Amino acid sequence: MRRKIEIDNRTHWRTRHLRAFLVRAANAVLRDGQKPMLHVRIIYTRPGRNCTGYSSGHASLGGAWSTLRIAKDDPDKVDFAFVAAHEFAHNAGLSHAEMEGSPRFCRTESYREWYRWAETLPLEMKPQKPRPGRLAGVCLVEKRREHAIKLLAKWEAKAKAAERLVKKWRTKVRYYDRRIATAAAPPQSRE
């Protein structure tokens, strides 16, 4: 049975390379037919960790969701594969108490032997997108200037319309001021 892993990759590492780690780790931990669909979010390891290449994660116990954290620079591929397998074990319903002491799921002295296969997998960065600069022969600054000219014309037109409306309503206010003054004045006698 083929397992589907939906990946939300928020790092600069290639998604298809990360997928190879996840598929292999899931197949090592989960039985056929168990968790046919997994949702994995991959983000960077929190800053301040003192271990180079350190990975971490968390997962829903018995669920299908997990979050894996990978180092931004020079990740330890074996450690990442281990963390993926550990979190998939949580998805399969195993608690930390059930995993305790097992090199497959805990960082014991020999856990790296279980996931040595990860060293052979490629892990490259996504190609960088070209930086904005010249787009089809037109400088980005020129495009922004054209946009600014359009917005200036739009707001000048609105300002002109606002001036007309201010003049109209000023006239109305004066009209009503005169009506009120006339109504308040004592009537003049005709003699």
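Any read-out appearing in this document is the output of simple, stated calculations on the displayed coordinates, not a laboratory observation. Not measured: the values here are computed from a predicted model. No Cβ is skipped: glycine too gets one built from the backbone with ideal geometry, and neighbour counts run over all protein chains shown.
Below is a table of values for the structure above.
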| quantity | calculated |
| --- | --- |
| Helix-only mean residue ellipticity at 222 nm for the chain, each DSSP H run of n ≥ 4 adding -39500 (n - 2.57), per residue, nearest 500 | -14500 deg cm²/dmol |
| Antiparallel bridge percentage (DSSP; both residues within the range 30-134; nearest 5) | 40 |
| Karplus 3J(HN,Hα) series, Hz, for the range 104-110 with 6.51 cos²θ - 1.76 cosθ + 1.60 (x for Gly, Pro) | 6, 10, 10, 6, 8, 4, 9 |
| Simple label model, 7 Å out from Cα along Cβ direction - residue 10 to residue 171, nm | 5.8 |
| Ordering of 62-71, 23-32 by packing [mean C-beta count within 10 Å, highest first] | 62-71, 23-32 |
| Amide H within-cut-off set for residue 9, under 5 Å, with H built and near neighbours excluded | 42 |
| Length gained when the stretch residue 60-residue 181 is fully extended (0.36 nm per residue, less Cα-Cα span) | 35.9 nm |
| Dipole axis of the chain (+1 Lys, Arg; -1 Asp, Glu on Cβ), positive-most option in 57, 183, 47 | 183 |
| Cα convex hull of the range 4-120, projected area averaged across orientations, nm² | 6.9 |
| Gain on full stretching of the segment that runs from residue 161 to residue 37 - 0.36 nm per residue minus C-alpha separation | 38.8 nm |
| Burial ranking of peptide ranges 97-109, 7-19 (average Cβ count within 10 Å, highest at the top) | 7-19, 97-109 |
| Linear extension gain, residue 126 paired with residue 153, 0.36 nm per residue minus alpha-carbon span | 5.6 nm |
| Shape call, the range 134-184: gyration tensor on alpha carbons, a/c limit 1.5 | prolate |
